[in-house]
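Participant: Pasting a structure below so you can have a look.
Every number in this text was worked out from the coordinates using simple rules, so none of it is lab data. Just so it is clear, the structure is predicted and the values come from calculations on it, not from any experiment. Here Cβ is always computed from backbone atoms with ideal geometry, including for glycine, and neighbour counts include all displayed protein chains.
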Amino acid sequence: MSTFGKIPAGLRRSVTVSALCAGLMLNPLTASVSFADTKSAIDKLLGEATTQAQTMVGLMTNNCSGDTHGDPPEAYEAFVKKSNEVNKQLGDLRVALAGGKSPNAGQQIDAVQEGLRTMVNMMHENCHGDSHGVNPLNYGGLVQVQQNVSGKLDAVKTILEAS
């Protein structure tokens, strides 16, 4: 495991956000960076966040031990529903920011991040087994995707606040 992987998740996200923002906003050439470049960077981050968030359902599909192809976690249907809500929120946010409409972007980002945390919490110990249940096989991957997407959203929020 890399040294970066040994850093606690919250600190890793802070370091990632700082690095992204430093590269995008604090570069000595910032004076020549146009509004369109900032919009492009935000759109790219939101596009990547959306793509990654969409992988979360696939990580949990038939991810409990059981049948020859695995069983779905107990809350799988609710998880898929929440995923659809989160992905719609991300899409709406991306469209709004691309159109220059961002009066409540910070609140929208917070809502998406809360939805992602809810999705992870829904899958915690959500397979049959043990007295409290067990985590789905790809639960660690689910947590990593959630943290990565949240980091990208933190970077978007930081860029918007600096603009």
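Participant: Roughly how many nanometres apart are two label points built 7 Å out from the Cα toward the Cβ at Val134 and Lys101?
Facilitator: So the label points at Val134 and Lys101 sit 4.8 nm apart.
Participant: OK, next. Please give the FRET efficiency for Asp67 paired with Glu114, using the beta carbon to beta carbon distance and R0 = 41 Å, rounded to the nearest 0.05.
Facilitator: The computed FRET efficiency comes out at 0.80.
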